[in-house]
């Protein structure tokens, strides 16, 4: 089944009552980790069962074939940290954390310090960090909003660097639909520290009209961890829509992307980010989108839209709003499992 056939059948038939499960199939062992966000639906629905707690998610990810996890570790005492670390060692899995940058208050600086201390005690050498919680073209309304954010982000990152160095944990700033290539490179170079690098998302910069392979090759040198994903496109009057799909079923040149990253950093870890959700609208044909992107060349817009037209799926991408809660959970798990099977069979990150 090729990419177009899969996506068309998914859109047409995923809401059926006879859903296939792969729970009884052995997990393929792949040289990739699992980001907690790949199970956002289950984490929200299983909040009472503490699905997202590190020990629980470590065991769950191991069952799915992961060799690592990336998730928020929070603040924990020495006993909890040791238990998490020993479980990861027993499973032969690595741990990476997620931390929010500190706010300009004493209490939040203390929180940031404590989270990095916890990460180090749990055995996490890398902490993924996002400087802007939302998407640039949705958050900012005026041209002057972005320079103010960029200045604040630079200050916060410079102040965070000594904390990371003290705890010997690397901070990895994600390209989170906020910085274009040159902007993120400038941010990282301004700090110029072995303790500050990039969490490289293989698809995010498409939302800012940048070619995914160009993004990878430009940022790979500074990369400390990778959010590995594949992307499918859908045309829209406002611009286009994009959605994560199982590895190998989208439009990204995953072998080429992995090779380029590995060339720059042979030891970098790949974390699967397969978020199951409605397709994201990239409204690049609306005025609001351009509030802080006025310097983007017209050729970038033309190239991106031409690529979308060429590679867009023939049928609408699946919408979760048309599915029941059990169907959403099943689809989420199925897409992660299919990604691991592809990675194992193709030896994508071997």
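The values are calculated or read from the model by the stated rules, or taken from the named source; none is laboratory data. Keep in mind that what you see is a predicted model, and the values were worked out from it rather than measured. Cβ placement follows ideal geometry from the backbone for every residue including glycine, while neighbour counts extend to all protein chains displayed.
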Point to revise | For residue 341: the one exception among (1) at pLDDT below 95; (2) surrounded by fewer than 20 Cβ atoms within 10 Å (Cβ to Cβ) | key: (1)
Exercise for review: Looking only at region 18-26, decide whether some residue is more than 16 Å from residue 332 (Cβ to Cβ), surrounded by fewer than 16 Cβ atoms within 10 Å (Cβ to Cβ) and either at pLDDT 95 or above or touching a helix residue (DSSP H, G or I) at 6+ places or on another chain (Cβ under 9 Å) (or both).
Suggested key: yes
Exercise for review: Within region 200-218, identify whether any single residue is modelled with pLDDT of 95 or more, surrounded by 22 or more Cβ atoms within 10 Å (Cβ to Cβ) and within 24 Å of residue 118 (Cα to Cα), and answer yes or no.
Suggested key: yes
Exercise for review: Assess whether residue 150 counts as being touching a helix residue (DSSP H, G or I) at 6+ places or on another chain (Cβ under 9 Å), at pLDDT 95 or above and within 25 Å of residue 71 (Cα to Cα).
Suggested key: no
Review point. Got at least one residue in region 47-54 being at pLDDT 90 or above, under 21 Å from residue 334 (Cβ atoms) and touching a helix residue (DSSP H, G or I) at 6+ places or on another chain (Cβ under 8 Å)?
Key: yes
Practice item. Please give the number of the condition residue 134 fails out of (1) in a helix (DSSP H, G or I); (2) surrounded by fewer than 20 Cβ atoms within 10 Å (Cβ to Cβ). Key: (1)
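Just give me the residues in region 257-289 being in a helix (DSSP H, G or I) and in contact with a helix residue (DSSP H, G or I) (Cβ under 8 Å, 6 or more places away or on another chain), in sequence order. First the steps, then the outcome.
Applying the first criterion (in a helix (DSSP H, G or I)) to region 257-289 yields 257-264, 287-289.
Within region 257-289, 257, 260, 261, 263, 264, 288, 289 qualify.
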Point to revise | Residue satisfying all of: in region 99-122; within 18 Å of residue 54 (Cα to Cα) and free of Cβ contacts under 8 Å to residues at least 40 places away in the same chain; farthest from the chain's Cα centre (by Cα) among these | key: 114
Review point. Has region 292-314 got at least one residue that is assigned to a helix (DSSP H, G or I), surrounded by 15 or more Cβ atoms within 10 Å (Cβ to Cβ) and within 20 Å of the chain's Cα centre (by Cα)?
Key: no
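One line per residue, one yes/no per condition, for (1) touching a residue at least 24 places away in the same chain (Cβ under 8 Å); (2) buried (at least 19 other Cβ atoms within 10 Å of the Cβ):
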| site | (1), (2) |
| --- | --- |
| 49 | no, no |
| 54 | yes, yes |
| 61 | yes, yes |
| 67 | yes, yes |
| 72 | yes, no |
| 80 | no, no |
| 83 | yes, no |
| 96 | yes, yes |
Point to revise | region 98-119, residues that are crowded, with 19+ Cβ neighbours inside 10 Å and part of a helix (DSSP H, G or I) | key: 112, 115, 116, 118, 119
